[in-house]
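The values are calculated or read from the model by the stated rules, or taken from the named source; none is laboratory data. Because the structure is predicted, anything quoted here is derived from the model rather than measured. Note: ideal-geometry Cβ built from the backbone for every residue, glycine included; neighbour counts use all protein chains shown.
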Amino acid sequence: MNILYDERVDGALPKVDKAALLAELQAQLPDLDILHRSEDLKPYECDGLSAYRTTPLLVVLPERIEQVETLLKLCHQRGVPVVARGAGTGLSGGALPLEQGILLVMARFNKILEVDPAGRFARVQPGVRNLAISQAAAPYELYYAPDPSSQIACSIGGNVAENAGGVHCLKYGLTVHNLLKVDILTVEGERMTLGSDALDSPGFDLLALFTGSEGMLGIVTEVTVKLLPKPQVAKVLLAAFDSVEKAGRAVGDIIAAGIIPGGLEMMDNLSIRAAEDFIHAGYPVDAEAILLCELDGVEADVHDDCARVSEVLKLAGATEVRLAKDEAERVRFWAGRKNAFPAVGRISPDYYCMDGTIPRRELPGVLKGISDLSEQFGLRVANVFHAGDGNMHPLILFDANQPGELERAEDLGGKILELCVKVGGSITGEHGVGREKINQMCSQFNADELTLFHAVKAAFDPSGLLNPGKNIPTLHRCAEFGRMHIHNGQLPFPELERF
């Protein structure tokens with residue numbers, strides 16, 4: 001079993017003869033668009049996590065599955081690593097290329113192949129934008145539920161790779177809950193279908209295993225997603241609080257009342273002011289925190305739920321509870337939340353977006369902990385996140401032009417993720433591990449668990465050629481990071497129940 005594949009990245013991958021590889025690709029795939037000049041490669045040196053940059057050896061932009069098959073077979077024979085990329089919106093460095101590897105860009109696989117209103121599904125290629133699926137289904141009063149903030153740009157293939165969620169995942173689930181099947185190519189260039197058109201498929205649930213595997217197990221070539229009927233009505237409540245801790249406690253109170261909102265989002269004062277200045281959503285800029293609670297379904301039920309949630313919010317200490325008066329205001333409320341990241345980007349030269357998940361009951365304490373860490377590291381943090389399922393997205397504001405600030409921001413981010421693990425949470429909710437959080441995997445998992453992950457990787461990719469150096473650290477790396485005792489495999493917080 002090969003469990004050392006990412007140590008080659010920690011050190012150096014075997015050098016590839018670029019000229020020879022390019023000539024062989026051009027001979028076998030004369031119609032394949034291959035980028036090899038430095039000026040053409042530069043736009044692909046990073047994904048949405050721009051702090052990490054590497055110039056790829058070559059970039060290929062296929063349009064047909066046969067081209068990808070041939071490419072993978074050739075790379076497998078030659079031992080050339082392959083990193084898949086969709087729209088490049090990922091925030092963990094999952095599509096960071098390799099100096100001695102090929103960057104396989106699937107953006108031209110951008111066709112919606114079928115929308116079946118009777119079967120309530122759509123077949124799409126991996127380069128199709130998330131939002132485009134709902135737009136194609138709209139004439140049938142259907143939509144695709146997962147809605148990450150980058151849905152106007154991110155691709156469905158990338159959503160599968162990261163198991164993306166969005167503001168409505170509390171009620172409607174992550175990408176994995178909204179898939180029927182995925183067609184992939186293995187590292188050897190062989191075709192496989194994971195899942196089926198039916199409700200379930202026999203054998204191991206390889207579709208669930210593959211979803212969120214960050215391009216390490218295969219290349220997505222087609223995705224069949226579930227479509228849902230549009231809710232009859234959707235209403236949004238905005239609640240203002242004079243402390244983030246009160247807002248955090250209110251989240252648990254809503255769920256404890258037996259109500260599952262379509263979306264339940266939280267923003268602190270820094271993100272509120274940034275979003276209001278950018279979008280003019282109508283947010284109360286003097287509030288320390290706001291909750292956005294969307295309730296959807298049948299009109300009579302939504303009316304009753306709005307009344308119940310309003311009462312819960314007031315009892316939790318809300319200083320203001322406001323119901324969006326019409327659809328236009330509802331859209332503005334959500335526009336402010338979905339544009340919070342770029343809004344924060346307008347008030348800081350740089351920001352570092354974290355992605356951890358915690359039990360809802362821990363929200364008040366973790367928010368206080370983030371505030372304390374922010375003060376300790378001397379860096380501002382804007383909190384805007386999926387409060388309903390405890391998926392945190394602290395935005396660490398810094399200036400990369402100031403010596404040491406990037407490193408300080410990374411250290412602060414690591415401490416926040418370790419805090420999430422300490423309270424029984426996870427280092428990622430939907431952005432993935434990529435290169436960004438690979439060290440924190442050593443805090444999340446013990447030696448036996450990481451060895452099992454390597455075994456799964458090796459079952460799909462024995463040579464470790466697909467996206468090496470991402471997601472799963474070697475035990476040697478964890479020992480160097482200082483978060484694992486290899487001989488007894490102890491977690492830093494063994495007393496805590498794991499997700």
(message) Looking at the range 121-133, can you tell me whether even one residue there is surrounded by fewer than 18 Cβ atoms within 10 Å (Cβ to Cβ), assigned by TED's automatic domain parsing to the domain that holds Gly218 and polar (S, T, N, Q)?
(response) no
(request) Confirm whether Lys314 is over 30 Å from the mean Cα position of the chain (by Cα), among the charged types (D, E, K, R), at pLDDT 95 or above and in a helix (DSSP H, G or I). (result) yes
(request) Run down Ser201, Ser196, Ser213, Ser271 and say which single residue is polar (S, T, N, Q) and assigned by TED's automatic domain parsing to the domain that holds Glu294. (result) Ser271
(message) Take Leu72 and tell me if it is crowded, with 22+ Cβ neighbours inside 10 Å, part of a helix (DSSP H, G or I) and not charged (D, E, K, R).
(response) yes
(request) Scan the helices (runs of 4 or more DSSP H) fully inside the range 336-433 and keep the ones with 1 or more residues being within 26 Å of Leu292 (Cα to Cα), among the polar types (S, T, N, Q) and free of Cβ contacts under 8 Å to residues at least 40 places away in the same chain. (result) 363-377
(request) Would you mind listing the helices (runs of 4 or more DSSP H) fully within the range 136-254 where at least 1 residues are within 15 Å of the chain's Cα centre (by Cα) and either among the polar types (S, T, N, Q) or surrounded by fewer than 21 Cβ atoms within 10 Å (Cβ to Cβ) (or both)? (result) 156-162
(request) Could you grab me the full set of residues in the range 96-135 that are in a loop (DSSP other than H, G, I, E, B) and aromatic (Phe, Trp, Tyr)? (result) Phe109
(request) Look at Tyr5 and say whether it is modelled with pLDDT of 95 or more and either under 28 Å from the mean Cα position of the chain (by Cα) or basic (Lys, Arg) (or both). (result) no
(message) Against the condition under 18 Å from the mean Cα position of the chain (by Cα) and buried (at least 23 other Cβ atoms within 10 Å of the Cβ), how does Gly429 come out, does it pass?
(response) yes
(message) Quick check on my filter: what residues within the range 436-452 are closer than 10 Å to Ile472 by Cβ, within 18 Å of the chain's Cα centre (by Cα) and either at pLDDT below 90 or part of a helix (DSSP H, G or I) (or both)?
(response) Met441
